[in-house]
Amino acid sequence: MVSSSEKSQRGSPGGHPDDREDQQQEGAIVELATGAIAAGGGCVSHAADGRVVFVRHALPGERVLAQVTAVSASFLRADAVEVLEPSPDRVSPPCPHAGPGRCGGCDWQHASLPAQRILKSALIAEQLRRLAGVDRAVEVEEVDGAPEGLGYRTRVRYSVDRSGRIGLRRHRSRSIEPVDECPIAASAINRVGVGSLQWRGAHHLEVTASPDGGSAVVSVETGRTRLAGRPSVDAGLVVNGRTVRRPDRVRFEVLGNGFEVSTGVFWQVHPSAASLLTRTVLDGVVPAVEEQVADLFSGAGLFTVPLAQAVGPRGSVVAVERSGRACSDAVRNAKDLHQVTIIRSDVTESVVAGRIGTPDVIVLDPAREGAGLPLMRALVALDPPPRAVAYVSCDPASFARDLRVMLEAGWSLPSLRAFDLFPMTEHVELVGILTPPERGARPPLSTGCPEP
Ligand SMILES: C[S@@+](CC[C@H](N)C(=O)[O-])C[C@H]1O[C@@H](n2cnc3c(N)ncnc32)[C@H](O)[C@@H]1O
């Protein structure tokens, strides 16, 4: 935030209407009243010419001085650099790297944790209403394992500057905020100590650690350059996908099952996420002995293994996953479960129509972009339909868009839960349980909303 003297050097808010154009240029300082939260983590406000301004580092209901950071024909972006009338939900950011022009990793270090969850609920409700045509309030549930919203991430991806120092990218920028430690990283990550070393030659490194610190791996990407030396960290070391020092996988325990996860393979970052999501999915779809299950976007087998245990040796689980490394991990993680078949493939309409059979239960957990409309249409076309679908999502917008396909086909959403697995950020995890229309029931003609 800038001081009042800096502010007066940069220009003042309000002013003569002829100044309006100047105020809407990059770098200008404008006084704004902030409204509702918007996807992306900023608040909606309006410039003097009526254009929407997305204001970062602000909270709804504040009056701020904001510096314009980007201008387009239809909207502006700005950072709140001084708060004139603060929200009661405002707190001092616990991270020394948070603030305008600083680290872009967190959106809401300046909001209390209860307020963060209320903001996430508002974002979910807005996307459900706008994209799925559903009016539904969803409480975002607090999750154990991130005291004060900090110290939770079991994987952190750092950028490396030319001098070999690690840092995190600034918001919407290629420039790097140097950091020694990230306060939202688990202590097991910070203990690896990559921040005190030189990584000359690297352009990125990703540190993954089990929450108990039992195993940790540093994975380095250098592009065409060579890594200078072999930094001595108390962890495995993988350089450009090649194992330099073992371990090259991290071991996680989830509800009594052990999972080994290679570098570059997806795994939930919050230490409570894997068990919480597994329980929520199993409680939602209640897999029964001898049933057939499809686990789509199955990663290293987080859901595949407990689903296979639930259906038993006379049931079956078909897991579909694009990444070869993830499939290899899943094969290892499910090695004693002969009822599991792992298909290395994109999850496509033809895979759903032709390779997963007619399962009793489907679990789908796509990446942020969601499953997409063609895939959702293929799912609702399965005949007979599965008796339950669990849709796990880290993006309320793509979830709502996909949900709409199922609702329009007559499916119901008996349960929708949201978990605060990413404190300090706008991100949130959803688990929706869907059930098909009764046989013979006709789907509603429309949700009454325009096509997204
Ligand atoms: C959100 S992760 C979920 C993985 C697993 N369910 C878990 O919770 O650990 C999404 C997974 O989908 C995979 N993936 C992304 N796009 C895909 C696609 N089009 N087809 C198949 N797999 C895909 C990614 O490699 C990743 O493993």
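Every read-out reported here was derived from the displayed coordinates using simple, explicitly stated rules and does not represent laboratory data. Worth saying up front: this structure is predicted, and the values here are computed from it rather than measured. Every residue, glycine as well, gets a Cβ built from its backbone with ideal geometry; the counts of neighbours run over all protein chains shown.
Details
- Test: residue in segment 138-160 that is part of a helix (DSSP H, G or I) and either within 20 Å of Cys43 (Cβ to Cβ) or touching a residue at least 24 places away in the same chain (Cβ under 8 Å) (or both): yes
- Scan of segment 295-312 for residues that are crowded, with 24+ Cβ neighbours inside 10 Å, within 12 Å of the ligand (Cβ to nearest atom) and not in a loop (DSSP other than H, G, I, E, B), ordered by number: Asp295, Leu296, Thr304, Val305, Leu307
- Residue match in segment 247-256 (condition: part of a helix (DSSP H, G or I), buried (at least 19 other Cβ atoms within 10 Å of the Cβ) and away from the ligand (no atom under 11 Å from the Cβ)): no
- Search result, residues across segment 357-367 that are under 23 Å from the mean Cα position of the chain (by Cα) and either within 8 Å of the ligand (Cβ to nearest atom) or hydroxyl-bearing (Ser, Thr, Tyr) (or both): Val363, Asp365, Pro366, Ala367
- Ser121 among the hydroxyl-bearing types (Ser, Thr, Tyr), farther than 17 Å from Val233 by Cα and touching a residue at least 60 places away in the same chain (Cβ under 8 Å): yes
- The set of residues in segment 226-246 being in a loop (DSSP other than H, G, I, E, B) and hydrophobic (A, V, I, L, M, F, W, C) consists of Leu227, Ala228, Val233, Ala235.
- Residue check for Gly236: surrounded by fewer than 18 Cβ atoms within 10 Å (Cβ to Cβ) and small (Gly, Ala, Ser): no
- Complete set of residues in segment 257-294 that are under 17 Å from Ile189 (Cβ atoms) and surrounded by fewer than 16 Cβ atoms within 10 Å (Cβ to Cβ): Gly264
- Of all residues in segment 163-195, those being in contact (Cβ under 8 Å) with a residue 12 or more places away in the chain and in a loop (DSSP other than H, G, I, E, B) number 14.
- Inter-residue pairs, beta-carbon under 6 Å, first of a type outside the set (Val, Ile, Thr) and in segment 336-353, second near the ligand (Cβ under 8 Å from one of its atoms), 6+ apart: Ser345/Val320; Asp346/Arg322
- Here Ala381 does not qualify as crowded, with 21+ Cβ neighbours inside 10 Å and of a type in the set (A, V, I, L, M, F, W, C).
- Inter-residue pairs, beta-carbon under 6 Å, first touching a residue at least 12 places away in the same chain (Cβ under 8 Å) and under 22 Å from Leu276 (Cβ atoms) and in segment 390-416, second surrounded by fewer than 20 Cβ atoms within 10 Å (Cβ to Cβ) and of a type in the set (Lys, Arg), 6+ apart: Cys394/Arg368; Asp395/Arg368
- Only one of the numbered conditions (1) buried (at least 19 other Cβ atoms within 10 Å of the Cβ); (2) closer than 30 Å to Pro147 by Cα is not met by Ala36, and that is (1).
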